């Protein structure tokens, strides 16, 4: 069988080993110029943007803290994320762990291209590793804890995650449980994330908020608080990823950890603080009689992103040559949508333009018209459009990175319907 020797382009020549091991050519992939083997491990090329976001955060974190960058890649698969932490984020030490026996040699072979002393490969249960190295064991805390888990497994790993991250550090959490976020397994979401989730029209955003809410609950039990830096949904999987900063001290303000409701009768969504338990109703007054008010929670209802932090990520991506000059259009578009979504006036959820048109009994306003209107507003031109009218009436509005034909806005559904009808006149 043919074998090939692969050499990684040296980002830091002093840290690379001169040995270039042979790998199976039929399991070779490349990502950001790094060649690596996957062997029998699970690897999803479509998740490369999620890994790009992790590296941008790691570089920013090391620059801002000036502390040695210790990373735990708790479920590392073939080790590509660990390799990128070492080569692109210049991590000082990475623990690459995966419980899959068949992938252990693959991890070691991929990381062997980096000089010795900067990484450690382990083949153990993730919780065991985190408990052993965290506050219940050796107290060797990490600046970044990255847990790329499957399904809702992350729910059972959160205690270990918060036990081994350093205060001021970052945790990058992943879930692929689309059934629970879609409200199809409410008892499962309750067990994994402490939220009883029912079907709602913005279920994929609920998946992100369910994940953050579960982290908030677990962190609070330990006396910590978490702040979302960015949240990312990708349709393949589906995949829900959130980057959180962890600080010491409970957050006693529960205004962003509450219940949400959607009224099938009028289409309106709203949040409900804990004090409204047992007294929830819709503004249309019809849901009470018809039983069309659907409630989920508790969930995180604050902003999914920090606008200032995402702007730093954009500047860094430009510095690295990942975006700009015709490069990285998908990554740049995602980051700029995150900035738009970070407007603190925007509530949870989104409104699909098709739903507005259906309720208004009109044709859907063209999405291209909406996009052009946003651009022309920036240039100072005036054009009648759905988004333009929302802005003129003082509402906040942005595109959603989760679904193309939807907007995030603080405009209630009945006003959206009225404005959409005005466009037809």
- [ ] Within the stretch 216-236, work out how many residues are under 13 Å from the mean Cα position of the chain (by Cα) and buried (at least 18 other Cβ atoms within 10 Å of the Cβ).
- [x] 7
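From the list 283, 260, pick out the single residue that is under 30 Å from residue 358 (Cα atoms) and not in a loop (DSSP other than H, G, I, E, B). Working first, answer last.
On the way: 283 fails: not in a loop (DSSP other than H, G, I, E, B).
Exactly one of 283, 260 is under 30 Å from residue 358 (Cα atoms) and not in a loop (DSSP other than H, G, I, E, B), namely 260.
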Open item on the list: Can you tell me which condition residue 94 does not meet? The list is (1) buried (at least 20 other Cβ atoms within 10 Å of the Cβ); (2) at pLDDT below 90, and all the others hold.
Closed with: (2)
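Within the stretch 257-269, track down each residue that is in contact (Cβ under 8 Å) with a residue 40 or more places away in the chain and either touching a strand residue (DSSP E or B) at 6+ places or on another chain (Cβ under 6 Å) or more than 17 Å from residue 295 (Cβ to Cβ) (or both).
257, 258, 259, 260, 262, 269
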TODO: Could you check how many residues of the stretch 139-179 are closer than 13 Å to residue 54 by Cα and in a loop (DSSP other than H, G, I, E, B)?
DONE: 1
- [ ] May I ask you to verify whether residue 293 is under 24 Å from residue 197 (Cβ atoms), free of Cβ contacts under 8 Å to residues at least 40 places away in the same chain, touching a helix residue (DSSP H, G or I) at 6+ places or on another chain (Cβ under 6 Å) and surrounded by 15 or more Cβ atoms within 10 Å (Cβ to Cβ)?
- [x] yes
Open item on the list: Could you check the stretch 133-148 and list, in sequence order, the residues that are at pLDDT 95 or above and either buried (at least 20 other Cβ atoms within 10 Å of the Cβ) or under 19 Å from residue 100 (Cα atoms) (or both)?
Closed with: 142, 143, 144, 145, 146, 147, 148
Open item on the list: Regarding the stretch 345-355, can at least one residue be identified that is under 19 Å from the mean Cα position of the chain (by Cα), under 14 Å from residue 231 (Cβ atoms), at pLDDT 95 or above and assigned to a helix (DSSP H, G or I)?
Closed with: no
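The values are calculated or read from the model by the stated rules, or taken from the named source; none is laboratory data. What you are looking at is a predicted structure, and each value in this text was computed from that prediction instead of being measured. Here the Cβ is made from the backbone with ideal geometry for all residues, glycine too, and neighbour counts use every protein chain on show.
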